[in-house]
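Step one of this worksheet: look at the structure below.
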Amino acid sequence: MDSRTKSLCRRARSGDKNAACELLEIHHADIFAYLRRLCGNRQDAEDLTQQTFLNAWSSLHKFAGRSEFSTWLHRIAHNAYIDWRRKGPGATRNYPDRWWDECIDKGPDSFATVVERQMAQRLYEAVDQLDDDTKHVVHLHYYEHLSLRQTAKVLDVATSTVKYRLREVLRVLRARLGVEENEPNGTRTIPIPNGEMT
């Protein structure tokens, strides 16, 4: 954890509202994006993001700094989502939307970029159809850019479990999308954003 985050956490724990607001500003977008992808609609994601930060502030005195602050926050967000899902079918609104439409650049571009955007949309749709355990691993590791170890901490599983799920998800996605791992020119045909399986 960097020194600025440590300082902000220490100040926020002692009741400094400005420090708490700064931590919220730093992490709000990432937590909202994570929950937005899981919930299927903006309103529920906003509600759960608010709940996540309320839970975080009430538990801030328990944060010992043994993990990254962002990892700790993602764990709280994950638990808030699980609790929300446990409320039953009524917890999910009847108007799920396509979160990935907000992720794909719609600007004019070359044919190659259009094809890439179409592949990205197919990928996002395929990820959205995965079972929850697998979907969480993909969202945390590839979209939230958490390391394997951080992803394991958020999900409270072994790092080896995360590695296994990632291997399996790549196999499943390749099969669903009907593509090989690499094109002859060596480029990746499944555009997993910003993350490698290391």
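The values are calculated or read from the model by the stated rules, or taken from the named source; none is laboratory data. Keep in mind that what you see is a predicted model, and the values were worked out from it rather than measured. Here Cβ is always computed from backbone atoms with ideal geometry, including for glycine, and neighbour counts include all displayed protein chains.
What to note about this one:
- Residues located in segment 130-184, provided they are among the acidic types (Asp, Glu) and part of a helix (DSSP H, G or I): Asp132, Asp133, Glu168
- Applying the condition of being farther than 16 Å from His139 by Cβ and surrounded by fewer than 18 Cβ atoms within 10 Å (Cβ to Cβ) to segment 20-41 and asking which residue is nearest to the chain's Cα centre (by Cα) yields His28.
- Residues of segment 42-86 classified as more than 19 Å from the chain's Cα centre (by Cα) and acidic (Asp, Glu), total: 0
- Residue check for Thr49: touching a Leu at 6+ places or on another chain (Cβ under 6 Å), polar (S, T, N, Q), closer than 28 Å to Lys135 by Cβ and surrounded by 15 or more Cβ atoms within 10 Å (Cβ to Cβ): yes
- Matching residues, segment 46-90, being of a type in the set (A, V, I, L, M), free of Cβ contacts under 8 Å to residues at least 24 places away in the same chain and either assigned to a helix (DSSP H, G or I) or over 22 Å from Gly15 (Cα atoms) (or both): Leu54, Ala56, Ile82
- Among the residues of segment 87-115, those that are over 18 Å from the mean Cα position of the chain (by Cα) and either at pLDDT 80 or above or surrounded by 15 or more Cβ atoms within 10 Å (Cβ to Cβ) (or both) comprise Lys87, Thr92.
- Residue within segment 32-45 that is more than 19 Å from Asp128 (Cα to Cα) and assigned to a helix (DSSP H, G or I) present: no
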